[in-house]
Amino acid sequence: MSTAAESSPSTSLIATLPGHWYTDPEVFRQEQEHIFESMWCGAVRSADLTGPGAFRTVRIGRESVLVTRNRCGELRAFLNVCRHRGAQLCTEESGEVRRGLRCPYHAWTYDLDGRLVAAPNLRRMPDVDRAERGLVPVSLREWLGYVWVCLAEDPPSFEKTVVAAVAERLGDTAAVERYGAEGLALGRRISYDVRANWKLVIENFMECYHCATIHPELTEVLPEFADGVAAQYYVGHGAAFAEQAEGFTVDGGAGFGRIEGIAEEQDRRYYAITVRPQVFLNLVPDHVIVHRMFPLAVDRTVVECDWLYAPEVVESGVDLSRSVELFHRVNVQDFAACERTQPAMGSRAYRSGGVLVPSEHHLGDFHRWVAEHLAV
Ligand code: FES
Ligand code: FE
């Protein structure tokens, strides 16, 4: 990677990654292997798995991962691959099985702990070790109401990576745990199919130089964003609501009070946290917004976004639309910007990349982090 000194004599402007990092399938392959298949990724919301046999499949790196609950209700994750001849076990994104996972090809059947329990003529093959032929397990952890999985054979410490990233941003983890995300209820989920490289999505989330230009509704509620400095720029900083804003809603109207347990200083503030490589957390007094990114191709990223509220708010059937609409618009505005940028990544004009202004300089850390993980 070229350094700022090589690329520009200016200290105001430092270099981005070169354009081909956003278009080259080989770079993407390395990112899949060394980042998404090596680190902890936010996979599914635990509450989506309502009971034994409920499952969801998600794409992590190049793998399909099946997350389910066993007969005791404990979470389990496996590679979604039949050990007989490799058929994908579950082709749906979500569903529920009664007793076990039955491969639709030759009917090998696994229990919810992944053990091979039945197959046509299995009794006539007494030498088959059913444990050895079971599904390949995937490491998992539960935190903030989400199942996090890691495909590495020897996963890095969850505490020293995921938890530490949140602590580093907020000063401590209590600051996020006070929102009690695991006890909140899903108010709305929207999935965005973004035709852009995942790094553009993260970079966009990390900076606010674009806020005044493309986020009129957001800057109305968070006036300091109009200055272009993202809340993530300072440790522990939450952007203050505008005086006239009653809540974090599209028109600044009232939200739904305050999540029980948050600290006084967290009221009327917005906090944003990037948990590399693919989760964004957004904290406001009355809800939590969680983005999970799933890069599908070098130029395509699916982002699943959850809006979480106190259970009594969701159960009351109250209209959430003004609340959801604010960040939905922000998402649409951001992803349009990413999609506008993606085609130019292959341009001659962007061969050696672009530049970061001072309020974007922290993106340089992200670029270095990506480079460190790749064999370049
Ligand atoms: Fe699954 Fe044959 S591939 S049973
Ligand atoms: Fe934005």
field: Label-to-label distance, nm, for residues given as Glu315 and Val355 (7 Å Cα→Cβ offset)
entry: 5.7
- request: Compute the label zone of Glu159 within the stretch 170-213: residues whose backbone N is under 19 Å from the point 7 Å along Cα-to-Cβ.
  value: 170-178
- request: Compute the acute angle (0 to 90°) between the alpha-carbon long axis of helix 363-373 and the principal axis of greatest extent of the alpha-carbon atoms of the chain; round to the nearest 10°.
  value: 30
message: Can you compute the FRET efficiency between Glu265 and Asp365 using 1/(1 + (r/R0)^6), with r the Cβ-Cβ distance and R0 = 35 Å? Round to the nearest 0.05.
response: 0.85
query: Which value in Å is the Kirkwood Rh of the stretch 1-120 over different Cα pairs?
result: 17.0
field: Estimated FRET transfer efficiency when R0 is 35 angstrom, pair Thr213-Val136 (beta carbons, to 0.05)
entry: 0.15
task: Specify which residue in the list Gly42, Cys82, Thr57 is farthest towards the positive end of the charge dipole of the stretch 42-95, using unit charges on the beta carbon of Lys, Arg (+1) and Asp, Glu (-1), about the Cα centre.
output: Cys82
Normalised contact order of the stretch 217-368, rounded percent, pairs of Cα under 8 Å and 6 or more residues apart: 17
- prompt: Longest span of the chain, sites excluded, free of chymotrypsin sites (Phe, Trp or Tyr not before Pro) in DSSP loop with at most 13 other C-beta atoms within 10 Å?
  reply: 235-376
message: Tell me which of Pro156, Asn121, Ala131 sits at the most positive position along the dipole axis of the stretch 116-189, charges placed on C-beta atoms (Lys, Arg +1; Asp, Glu -1).
response: Asn121
message: I need the GluC sites (Glu not before Pro) found in the stretch 253-344, filtered to DSSP loop residues with at most 11 other beta carbons within 10 Å of theirs.
response: Glu260
message: Once each part is reduced to its C-alpha centroid, what is the distance from the stretch 275-327 to the stretch 36-99 in angstrom?
response: 21
message: If I model a spin label as a point 7 Å beyond the Cα along the Cα-Cβ vector, how far apart are those points for Asp129 and Asp24 in nm?
response: 4.2
Within the stretch 254-272: backbone nitrogen closer than 17 Å to the Val235 label point (7 Å, Cα to C-beta): 272
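How much of the pair distance distribution for the chain lies past 32 Å, counting alpha-carbon pairs only, in percent?
Everything past 32 Å amounts to 37 percent.
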- line: Unpartnered Cys in the chain, judged by a 4.7 Å Cβ-Cβ cut-off, are Cys41, Cys72, Cys90, Cys150, Cys305, Cys338
- request: Provide the FRET efficiency to the nearest 0.05 for the Glu372-Ala254 pair, computing r from the beta carbons and using R0 = 35 Å.
  value: 0.20
statement: Rounded to whole Å², per residue accessible area for the stretch 192-303 with a 1.4 Å probe reads 35
- request: Kindly give the semi-axes, whole Å and largest first, of the ellipsoid equivalent to the stretch 235-376, taking each as the square root of 5 times a Cα gyration tensor eigenvalue.
  value: 33, 17, 15
- prompt: If you line up the long axis of helix 321-341 against the longest principal axis of the chain, both from Cα atoms, how many degrees apart are they, to the nearest 10?
  reply: 90
- prompt: What size of dipole, in debye to the nearest 20, comes out for the stretch 27-77 about its Cα centre when the only charges are +1 on Lys and Arg C-beta atoms and -1 on Asp and Glu C-beta atoms?
  reply: 220
field: Computed lengthening from Ala297 to Glu177, 0.36 nm per intervening residue step minus Cα-Cα distance
entry: 39.9 nm
field: For the chain, calculated [θ]222 nm from helices alone, where every DSSP H run of n ≥ 4 adds -39500 (n - 2.57)
entry: -5500 deg cm²/dmol
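The values are calculated or read from the model by the stated rules, or taken from the named source; none is laboratory data. None of the values given here were measured: they were computed from a predicted structure. As a convention, Cβ positions derive from the backbone with ideal geometry for all residues, glycine included, and neighbour counts pool all protein chains shown. These area figures cover heavy atoms from the full protein model, side chains too; ligands, DNA and RNA do not enter into them. Shrake-Rupley method; radii C 1.70, N 1.55, O 1.52, S 1.80 Å.
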